[in-house]
Amino acid sequence: MKATEVIADLRRRFPHEPEYLQAVEEVLTSIEDVYNEHPEMERYNLVERLCIPDRIFSFRVSWVDDKGKVHNNMGYRVQHNNAIGPYKGGIRFHSSVNLSILKFLAFEQTFKNSLTTLAMGGAKGGSDFSPRGKSDMEVMRFCQAFVEELWRHIGPDTDVPAGDIGVGGREVGYMYGMYKKMAREFTGTFTGKGLEFGGSLIRPEATGYGNVYFLLEMLKTRGIDLKGKKVAISGSGNVATYTAKKLLELGAKVVSMSDSDGTVHIPDGLTDEQLDYIFKLKNFYRGRIREFAEEYGCEYYEGEHPWLRVKCDIAMPSATQNEIDGDDAEALVANGCIAVSEGANMPSTPDAIKVFQKARLLYAPGKAANAGGVSVSGLEMAQNSQKLNWTAEEVDEKLRGIMKDIHAQCVKYGTEPDGYINYVKGANVAGFMKVANAMMAQGIL
Ligand code: NDP
């Protein structure tokens with residue numbers, strides 16, 4: 001396989017899907033050598049089958065707002081690959097959602113889920129509906145209309161959705177409620193559910209906590225202590241807030257948070273009380289990070305990400321894709337950043353990744369560093385099928401173990417001759433090998 005040829009062909013067939021092509025290119029260039037050591041994979045044209053989703057559902061979602069106006073959004077589910085387990089991946093509600101973004105996320109999810117060591121295939125879904133500014137009842141009606149169409153395609157052993165941007169506990173609750181009504185079953189078809197109806201302890205915290213556990217493993221390879229380090233975080237949603245919580249617990253300083261309107265800079269480090277304020281602001285009042293800056297008299301950078309302005313030792317992007325470009329990456333390196341651990345999916349552009357790797361930073365791609373979320377989703381599925389609940393300590397301990405294991409796989413497949421750990425290559429090769437071997441064993445489907 002020549003990665004450039006496969007990518008050129010996909011570019012010709014899917015010319016309007018830049019995020020999908022970006023994700024595919026990153027994976028294919030890093031697995032090319034390993035793939036070419038296995039001529040049997042080439043005979044099965046495995047690489048093309050791995051890049052193109054098994055199937056995609058798209059549908060219209062019509063719903064009525066509080067004033068009686070009818071809205072029509074698009075809904076999608078991309079079932080990418082189920083070679084190693086049922087399709088599994090979040091649902092994103094954001095005005096920017098389109099097929100390119102969901103295809104990139106489902107593709108990435110396939111490798112991420114493989115890395116977790118749990119039996120989960122890859123999928124992703126969503127809608128261009130934005131919950132921002134909508135009432136509770138409007139969000140509920142939208143979720144119900146979305147699931148009225150989606151429910152036929154999902155199930156506890158078929159496809160198990162969860163949250164993502166714009167989809168938290170509230171939205172999962174509404175979607176699960178409607179699913180239960182349509183399918184007439186009470187099973188673990190969604191993860192991220194409320195604790196009262198099958199949710200797992202530590203699932204809300206898992207992506208953020210897992211990212212910090214992964215960071216600790218990376219720092220250990222260079223004998224660096226996290227305590228006292230300045231960490232810039234982007235976003236102020238699920239991943240960002242629980243990343244901040246674990247960092248504060250471990251004695252690091254969180255010097256920024258953001259949302260899609262701007263960034264707040266906290267040079268002396270966020271306090272527990274301030275984090276609590278952000279948590280309530282975002283989850284209960286659905287407010288803006290600007291209001292935090294006003295409340296605590298912090299600097300606020302309208303319309304900006306943290307990377308150009310905020311000096312930090314460690315960056316943990318936890319908002320969205322392509323939020324760190326080449327210039328941002330240069331600024332981070334120039335300002336003394338030593339590690340980047342991605343909470344978001346694909347937050348660094350290819351140019352940014354080149355800058356990080358050239359500067360020999362500890363750089364962990366999202367598919368490794370943020371895999372804690374889907375890992376605990378996998379643990380939620382396991383608890384649901386056994387109809388029992390594990391304690392928070394049990395789940396947290398399993399999560400730590402999984403993040404350690406993912407790190408070890410990255411080291412195994414990504415260590416370069418000079419000792420530098422290329423986490424991108426390590427994660428891609430480790431994730432790929434398992435899925436590829438399973439696909440080979442199952443024949444051409
Ligand atoms: P949330 O919706 O809870 O939070 C997203 C945060 O990012 C919000 O602060 C939001 O701001 C901000 N944001 C969203 N889009 C943009 C944008 N275009 N520019 C700047 N800021 C933006 O989502 P999550 O925390 O769940 O997800 C964050 C990232 O982590 C995503 O990339 C997601 O795919 C990834 N992820 C999430 C997992 C999970 O378990 N939830 C698991 C693995 C990865 P605003 O409030 O203004 O919209």
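Bear in mind that the values in this text are calculations on the coordinates, not laboratory data. Bear in mind that the values here come from a model prediction, so they are computed numbers and not experimental data. All Cβ positions, glycine included, derive from the backbone under ideal geometry; neighbour counts span all protein chains shown.
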* **Dipole-positive endmost among SER30, VAL70, TYR44 within the stretch 1-75 (Cβ charges, Cα centre)** => VAL70
* Structure fact -> In nm, the gap between the two label points placed 7 Å beyond Cα toward Cβ at GLN386 and VAL70 is 4.9 nm
* To do: For the stretch 72-81, just list the computed ³J(HN,Hα) in residue order, Karplus coefficients 6.51, -1.76 and 1.60, θ = phi - 60°, integers in Hz, with x standing in for Gly and Pro.
  => 10, 10, 9, x, 9, 9, 9, 9, 7, 7
* For the chain, give the magnitude of the charge dipole about the Cα centre (Cβ charges: +1 Lys/Arg, -1 Asp/Glu; no others), in debye to the nearest 20. => 860 debye
* Gain in length, TYR296 to LYS404, computed as 0.36 nm per residue apart minus the alpha-carbon separation, to one decimal in nm? -> 35.2 nm
* Asked: Counting Lys and Arg as +1 and Asp and Glu as -1, each charge on the Cβ, what is the dipole of the stretch 173-289 about the Cα centre in debye, to the nearest 20?
  -> 280 debye
* Provide the packing ranking of 377-390, 432-445, i.e. peptides ordered by the mean count of other C-beta atoms within 10 Å per residue, highest first. => 377-390, 432-445
* Show me 284-292, 35-43, 79-87 ranked by packing, highest mean number of other Cβ atoms within 10 Å first. => 79-87, 284-292, 35-43
* Do any chymotrypsin sites (Phe, Trp or Tyr not before Pro) in the stretch 102-195 lie in a loop, going by DSSP, with at most 13 other beta-carbon atoms within 10 Å of their beta carbon, and if so which? -> PHE186
* To do: May I ask you to derive the relative contact order of the stretch 93-246, considering only C-alpha pairs under 8 Å and at least 6 residues apart, and to give it as an integer percent?
  => 17 percent
* Express in whole angstrom the spacing between the alpha-carbon centres of the stretch 290-334 and the stretch 208-268. => 12 Å
* To do: Kindly rank 157-164, 64-71, 8-15 from highest to lowest mean number of other beta carbons found within 10 Å of each residue.
  => 157-164, 8-15, 64-71
* Asked: What's the local net charge at GLU32, with K and R +1, D and E -1, over the other residues with C-beta under 12 Å away?
  -> -4
* **Relative contact order of the stretch 204-288, defined on C-alpha pairs under 8 angstrom at six or more residues apart (%)** => 27 percent
* **GLU304-LYS181 pseudo-label distance in nm [points 7 Å out on the Cα-to-Cβ vector]** => 4.7 nm
* Which far-off residues, 5 or more places away or on another chain, put their amide H under 5 Å from the one on SER200, with H placed in the peptide plane? -> GLY192, LYS193
* Helix runs (DSSP H) in the chain reaching 30 Å along axis by Cα, Kyte-Doolittle at least -1.0 -> 392-414
* the chain, Rg to Rh (Cα coordinates; Rh as Kirkwood inverse mean 1/r) -> 0.95
* Under a Cβ-Cβ cut-off of 12 Å, what is the net charge of the residues other than ALA244 that fall near it, where Lys and Arg count +1 and Asp and Glu count -1? -> 0
* To do: Could you check what % of the DSSP bridge pairs in the chain are antiparallel, to the nearest 5?
  => 60 percent
* Could you please rank ASP54, ASP327, placing first whichever residue has the fewest other Cβ atoms within 10 Å of its Cβ? => ASP327, ASP54
* Net +/- balance of residues flanking GLN409 in space, Cβ distance below 14 Å, scoring K and R +1, D and E -1 -> +4
* Asked: Counting alpha carbon pairs within less than 8 Å and at least 6 residues apart, what relative contact order, in whole percent, applies to the chain?
  -> 16 percent
* Asked: Once both labels are modelled 7 Å past Cα along the beta-carbon direction, what's the LYS227-ASP157 spacing in nm?
  -> 5.1 nm
* Structure fact -> Quick calc, the stretch 1-73, dipole around Cα centre from Cβ unit charges on Lys, Arg (+) and Asp, Glu (-), nearest 20 debye, gives 600 debye
